[in-house]
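Take this structure, written in structure tokens, and hold onto it; I'll ask about it next.
Just so it is clear, none of the values below were taken in a lab; they were calculated from the coordinates. Small disclaimer: the values here were computed from a predicted structure and weren't measured. Note that we place each Cβ from the backbone using ideal geometry, even for glycine, and neighbour counts take in every protein chain shown.
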Amino acid sequence: MDKEKCLTGREFMKDYAREIVDWTQTDQAKGVELPPPEVRIPKGLTRYFLEPYEDLSDAFQMSDIRQVIELRRTRRKYTGEKLTFSQLSGLLWATAGYRQPVKKQLRHTPSAGNRQAIETYAIVMDSDDIPPGVYRYVPSQHALDLISDNADDLRERAVAAARDQVWAGTSGVTFVFAAVPYRTEWRYDYTAHRVILMDVGHMCQNLYLAATSMGLGACAMAAYDQDLADHLIGVDGVDQFTVYMCSVGVVEDDE
């Protein structure tokens, strides 16, 4: 064990930095323009609008939050059955969607300063009405933009990006969460990075709970190949990069 690196990591987890940051020198304090809350995707991409939030009640089989929390656990063995359009819509709505009606861009999970530094990508393997491919979720539109329709070896590429965790490719969909750090750095300087990781943890827990309430299984993955994961979703690895992954699929009743 590298004790020096462990000690460095422990210091990163603490919050002493807020005591020494010069808050008059943040970009927010200087009046720099607020960064956009969503990645600006070039025009011309195929967009699939998802099932409206008001129609999603049938997707969530359980309404008792206590039951959902008690049943939530990591599940990695999937049957290979398709996810329904409603299930995929509901998973994205619960994980990264806006509250309705939209006010101040508030979403269903907490975010430090409401800076929303996480972009959500869906590697769709098998779902009704949504062809296999790599998509970016557009929360303001509750829609998926097709980033890549190259479905050849999609499952294999997802598994490779997840460091050979096979459930990343046997799922109906694998989520990739990518950070856009400047959104939070704009306000919090270098204290941003701790809270960005907290934000994505909140999102993934919502994904777990939503999947559980639908009778689906989910498996979060903190181990991934940085370069392969970034390449899979088409981000530059500098201004935007992968920080978490999670597979979701249909599971056997007794799995």
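Within region 73-111, name every residue whose backbone N is under 14 Å away from a label modeled 7 Å from Cα of Phe49 along the Cβ vector.
none
Follow-up question, since we're still on this one. What do you get for GluC sites (Glu not before Pro) in region 1-107 restricted to DSSP loop and a cutoff of at most 13 other Cβ within 10 Å of the site's Cβ?
Glu33, Glu81
Select one label from (i) 0.97; (ii) 0.95; (iii) 1.07: the one whose number is Rg/Rh (Cα atoms, Kirkwood Rh) as derived from the coordinates shown.
Calculated Rg/Rh (Cα atoms, Kirkwood Rh): the matching label is (i).
So, R0 is 41 Å and r is the distance between the beta-carbons of Asp64 and Cys6; what FRET efficiency does that work out to, to 0.05? Show your work: numbers first, answer last.
Working: r = 41 Å, r/R0 = 1.00.
So the FRET efficiency works out to roughly 0.50.
Give the order of Leu34, Leu197, Leu91 when sorted by the count of other beta carbons within 10 angstrom, beginning with the fewest.
On the way: Leu34 12, Leu197 16, Leu91 30.
Result, fewest neighbours first: Leu34, Leu197, Leu91.
³J(HN,Hα) across region 3-16 via Karplus (A = 6.51, B = -1.76, C = 1.60, θ = phi - 60°), whole Hz, x for Gly/Pro?
Once rounded to whole Hz, the list reads 5, 5, 5, 5, 5, 4, x, 5, 5, 4, 6, 7, 10, 5.
Scan the chain and hand back the longest stretch that contains none of the trypsin sites (Lys or Arg not before Pro) lying in DSSP loops with at most 11 other Cβ atoms within 10 Å.
Values: sites that count: Lys14, Lys30, Arg40, Lys43, Arg73, Lys103, Lys104.
Free of exposed loop sites, the longest segment is 105-255.
Moving on. Under 8 Å for C-alpha pairs, at least 6 residues apart: give me the relative contact order for region 48-250, rounded to a whole percent. Please report the intermediate quantities before stating the final value.
Values: 426 pairs, mean separation 58.2, N = 203.
Over region 48-250, the number comes to 29 percent.
Something else about it: Ranking Ser213, Ser127, Ser63 by Cβ neighbours within 10 Å, fewest first, what do you get? Write down the numbers at each step before the final one.
Numbers: Ser213 21, Ser127 18, Ser63 9.
With the sparsest Cβ surroundings first, the list reads Ser63, Ser127, Ser213.
Please order Phe177, Phe241 by the number of other Cβ within 10 Å, starting at the fewest. Mind showing how you got there, number by number?
Details: Phe177 23, Phe241 17.
So the residues, fewest neighbours to most, are Phe241, Phe177.
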